[in-house]
Amino acid sequence: MTRIVRAARGTQLTAKNWQTEAAMRMLHNNLDPEVAERPQDLVVYGGTGKAARNWASFDAITHSLTTLERDETLLVQSGKPVGVFRTHEWAPRVLIANSNLVGDWANWPEFRRLESLGLTMYGQMTAGSWIYIGTQGILQGTYETFAAVADKRFGGTLAGTLTLTAGLGGMGGAQPLAVTMNGGVALVIECDPARAQRRVQERYLDEIATDLDDAVIRVSNARRQRKALSVGLIGNAAEVLPKLLAIGLDPEIVTDQTSAHDPLAYLPRGIAVEDWADYAAKKPDEFTDRSRESMAEHVGAMLGFLDKGAEVFDYGNSLRGEAKLGGCERAFDFPGFVPAYIRPLFCEGKGPFRWAALSGDPKDIAATDRAIIDLFPENESLRRWIRMASERVAFQGLPARICWLGYGERHLAGLRFNEMVASGELSAPVVIGRDHLDSGSVASPYRETESMADGSDAIADWPLLNALLNTASGATWVSIHHGGGVGMGRSIHAGQVCVADGTELAAQKIERVLTNDPGTGVIRHVDAGYDRATEVAAERGVRIPMHEA
Ligand code: NAD
C-alpha cells in the first residue's frame with residue numbers, strides 16, 4: 001500500500017510545542033507528493049536524497065518529535081533516530097548527521113555497500129535536513145546566478161543579450177525562466193523532446209523552434225528588440241554547439257546543465273534518445289567513453305565561444321572534468337560559476353535563505369514577501385525576484401519563499417517574522433532555514449569552494465565549526481552531511497533551521513543564529529584572503545581575532 005504523507009496545517013499542535021511541531025511538519029512536508037520525487041521510497045530529490053532511512057525510522061522520528069520535551073534533544077544518524085537526551089531549552093531539539101564516512105572509505109561503492117546493509121542513507125542537502133521546498137529553490141539560485149553575470153559584465157541586466165546553454169531537466173529547466181526573468185534571450189539545446197515540452201507546459205520555457213535556422217532567427221530577432229524570450233531547440237549539444245559556432249552565432253553567455261556529472265546520463269553524439277537507456281545499461285564502459293568524447297566536442301565549442309569573447313562558465317555539473325577525461329586539454333580554461341560570480345556574494349555571507357509557513361496559508365507568505373520588500377527597499381534585484389516569484393512560482397507543499405540575504409540582513413528578516421507571528425499578522429509560526437549552497441557551511445572543491453584564493457578548497461573544518469556554532473547559538477535543528485550535490489568524497493556541509501514561534505526566547509535565538517550562521521561565511525572568506533570579506537567584517541562588526549591582536 002502506498003503511504004501518503006503531508007504536513008499538518010493550521011494551529012492545532014500534535015507535538016508538545018511549536019519547535020518540535022515544526023521539525024515534524026517539515027519532515028512530513030519533505031515527503032509530500034507535491035514536494036518529493038519518489039515519496040514512496042522516502043526520496044525527496046537529487047537522485048536518492050532521502051528524508052528518513054526507512055518507514056520504521058520515519059515513524060519512530062515522528063513519535064519522538066510528538067513526545068519530545070522542550071529540554072530534550074533527539075539524535076538522528078543518517079535518517080534513523082538513535083537516542084533522546086536531556087539537554088536544555090537553548091539546545092537544538094534535533095541533531096542530524098547524514099552520509100558521513102571516514103576519508104579513505106568515502107566513495108560510492110563503500111557507501112552503496114553500507115546503504116544496502118541498511119546502515120546509512122544519502123541525505124543530499126535539504127532532503128535529510130528537512131528543509132526542501134521544491135523547485136523554487138533551483139529557480140531562485142539560477143536567477144541569482146544570471147543576475148550576478150548581468151552585474152559583472154552587462155550593466156545589471158541581460159536585456160539585449162543571448163545565453164546559449166543545454167539541458168532542460170529538473171535543474172536545467174530553470175535556466176530559460178531565470179534568463180528571461182533577468183530580461184535576456186535564451187537558446188537551450190535539449191535532446192529529449194518530452195523534457196522540452198514539459199518545460200513549455202510548466203511555463204519555464206516560452207517556445208520550441210522547428211530547426212536550427214528557425215531557432216537562430218527567433219533568438220536573434222528577440223535580442224535585437226531587447227525582448228525577453230526563451231527558445232528550446234531539440235538536438236544534441238555536442239552536435240549543435242559546434243554548428244552554431246561554425247555559422248557565426250555570437251552569444252554573450254554560454255553555459256550548460258546537461259547531467260554531465262554522470263557519463264551515463266549524458267547522451268553522446270550519434271545515439272538516438274530511444275536507444276539511450278538500453279545502450280547505457282548493456283555497455284556502460286563503451287557508453288562512458290563515447291559520452292566523454294562528446295563532452296570534449298561540446299566543451300571544445302564552448303571554448304570557441306570563449307575565444308570569441310563570450311562569458312563562459314561551468315554550472316556545477318562536472319562538464320569540464322568529464323571533457324578533460326574525453327581528451328579536451330583546455331577544458332578548465334573557463335571557470336566554475338562559484339569563483340566566477342557567487343564568491344563576491346559569499347564574502348558578504350550572502351546565500352539562499354528560505355522560510356516556510358507552518359499554517360499552510362499562502363497569505364502568510366504574501367505577508368512575509370511584503371515584509372522583505374519593506375525591510376530592504378534599496379535592493380532592486382531582491383524586489384524584482386520577490387515580485388516575480390509571487391506571480392510565477394506555484395507552491396509545492398507548505399507555502400514557502402527563498403531569497404538571497406547576507407550578514408546583517410538575515411536576522412532582521414527573522415526578527416520581523418517572529419514579531420509578525422507574535423502580533424497575529426501571520427496565522428502560525430514560520431520555519432527559517434537555508435540551502436547548503438552557502439558561504440560558510442560547505443566544503444566542496446568542485447563547487448562552493450572551488451579555487452579558493454589561498455588554495456583551501458578541501459579544508460572541511462569550516463562546515464563543522466558552522467554546525468557547532470549554530471548548535472551553540474540556539475538553532476532548532478542542526479545537521480552535518482557528506483556528499484550532497486557533488487557526490488561521495490567530494491563535499492562536507494552543514495544546515496540549520498530556526499523556528500519563529502512568536503516568543504521572546506525564539507527572538508533571542510533567531511537573532512544569534514541568523515547573525516552567526518552567515519557570519520561563518522564572512523570569516524571563512526576573510527581567512528582565505530578575500531578583501532571584500534575583510535571590508536564586510538570591518539563595516540558590519542564581525543570579530544576576527546587575528547586582525548585584533
Ligand atoms: P536531469 O538529468 O534532470 O536533466 C539533464 C537533461 O540534459 C536531460 O533533460 C537530458 O535529456 C539532457 N541531455 C543529456 N545529454 C544531452 C546532450 N548531449 N545534449 C542535449 N541535452 C542533453 O539533470 P538536472 O537535475 O537538470 O541537473 C543538471 C546538472 O546540473 C547535473 O549534472 C547536476 O548535478 C547539476 N547541478 C548543478 C547545480 C548547481 O548549483 N549549479 C545544482 C545541482 C545539480
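The values are calculated or read from the model by the stated rules, or taken from the named source; none is laboratory data. Nothing here was measured: the structure is a model prediction, and the numbers come from that model. Cβ coordinates were reconstructed from backbone atoms using ideal geometry, including for glycine residues, and neighbour counts include every protein chain displayed. SASA here: full protein model, heavy atoms, side chains in, ligands and nucleic acids out. Shrake-Rupley method; radii C 1.70, N 1.55, O 1.52, S 1.80 Å.
Per-residue packing, averaged as other Cβ atoms within 10 Å, sorts the ranges 22-31, 43-52, 463-472 into the order 22-31, 43-52, 463-472, beginning with the highest.
Expressed as a whole percent, the accessible area of the stretch 205-293 that falls on carbon and sulfur atoms is 49 (1.4 Å probe).
Evaluated on the stretch 334-487, the Kirkwood hydrodynamic radius is 16.9 Å, with distances taken between all distinct Cα atoms. Report note on the peptides 98-104, 216-222: ranked by the mean count of other C-beta atoms within 10 Å, highest first, their order is 216-222, 98-104. For residue 311, the residues 5 or more places off, or on other chains, whose built amide H falls under 5 Å of its own are 253, 254.
Would the stretch 464-528 count as rounded, prolate or oblate if I go by the C-alpha gyration tensor, calling it rounded below 1.5 in a/c and otherwise prolate when a/b exceeds b/c, oblate otherwise? Cα axes put the stretch 464-528 in the oblate bin. Largest first and in whole Å, the equivalent-ellipsoid semi-axes of the stretch 216-292 read 31, 12, 11, each the square root of five times a Cα gyration tensor eigenvalue. Note on the stretch 292-384: Cα-Cα pairs beyond 19 Å make up 59% of the total pair count.
Accessible area of the stretch 61-179 with a 1.4 Å probe: how many percent of it is carbon plus sulfur? Could the numbers behind the result be given before it?
Working: 2430 of 4290 Å².
Taking all protein chains in place, the stretch 61-179 shows 57 percent carbon and sulfur surface.
Multiplying each eigenvalue of the alpha-carbon gyration tensor of the stretch 8-145 by 5 and taking the square root yields semi-axes of 24, 21, 14 Å, largest first, rounded to whole angstroms.
Dividing the mean sequence gap of close Cα pairs (under 8 Å, 6+ apart) by how many residues the chain holds gives a relative contact order of 14 percent.
The angle between the Cα long axis of helix 237-246 and the main principal axis of the chain comes to about 50°, on a 0 to 90 degree scale.
Accessible surface area normalised per residue over the chain is 39 Å², counting heavy atoms of protein chains with a 1.4 Å rolling probe. Summarising the amide proton neighbourhood of residue 51: residues at separation of 5 or more, or on other chains, whose placed amide H is nearer than 5 Å comprise 44. Solvent-accessible area of the stretch 448-520 (1.4 angstrom probe, protein heavy atoms only): carbon and sulfur portion equals 56 percent. Helix 212-224 and the longest principal axis of the Cα set of the chain meet at an angle near 70°. The HN-Hα couplings worked out from phi for the stretch 517-529 by the Karplus form 6.51 cos²θ - 1.76 cosθ + 1.60 (θ = phi - 60°) are 4, x, x, 5, x, 5, 5, 4, 7, 4, 4, 7, x Hz, whole numbers, x standing for Gly and Pro.
Based on DSSP H segments of at least four residues, each scored -39500 (n - 2.57), the chain has a per-residue ellipticity at 222 nm of -13000 deg cm²/dmol.
Just to confirm a number: summing +1 for Lys and Arg and -1 for Asp and Glu over residues other than residue 391 whose beta-carbon lies under 12 angstrom from that of residue 391, what do you get?
+3
Its Cα gyration tensor gives the chain an equivalent ellipsoid, and the semi-axes of that ellipsoid, as √(5λ) in whole Å with the largest first, are 37, 26, 23. Under 5 Å between amide hydrogens, built in the peptide plane, is the criterion, and for residue 156 it picks out 151 among residues at least 5 positions away or on other chains.
The distance separating the Cα centre of the stretch 209-273 from that of the stretch 493-534 comes to 40 Å.
Electrostatic tally near residue 494: other residues with Cβ closer than 11 Å to its Cβ, Lys and Arg +1, Asp and Glu -1, net -1.
At q = 0.12, 0.19, 0.24 Å⁻¹, what is the base-10 log of I(q)/I(0) for the stretch 50-117 according to the Debye formula with one equal point scatterer per Cα and no solvent? Please give it to two decimals. The Debye formula, applied to the Cα set alone, gives -0.38, -0.77, -1.00.
In terms of distances greater than 30 angstrom between alpha carbons, the cross-link table entries 16/80; 243/350; 152/243 yield 243/350. In the neighborhood of residue 400, defined by Cβ-to-Cβ distances under 13 Å, what is the net charge if each Lys or Arg adds +1 and each Asp or Glu adds -1? Summing Lys/Arg as +1 and Asp/Glu as -1 gives -2. The HN-Hα couplings worked out from phi for the stretch 438-443 by the Karplus form 6.51 cos²θ - 1.76 cosθ + 1.60 (θ = phi - 60°) are 9, 7, x, 10, 9, 10 Hz, whole numbers, x standing for Gly and Pro. Sequence-ordered 3J(HN,Hα) estimates for the stretch 163-174 from the Karplus curve with 6.51, -1.76 and 1.60 and θ = phi - 60° stand at 9, 9, 8, 9, x, 10, x, x, 8, x, x, 7 Hz, glycine and proline given as x.
Sorting the segments 132-140, 4-12, 272-280, 203-211 by their mean number of nearby beta carbons within 10 angstrom, highest to lowest, gives 132-140, 203-211, 4-12, 272-280.
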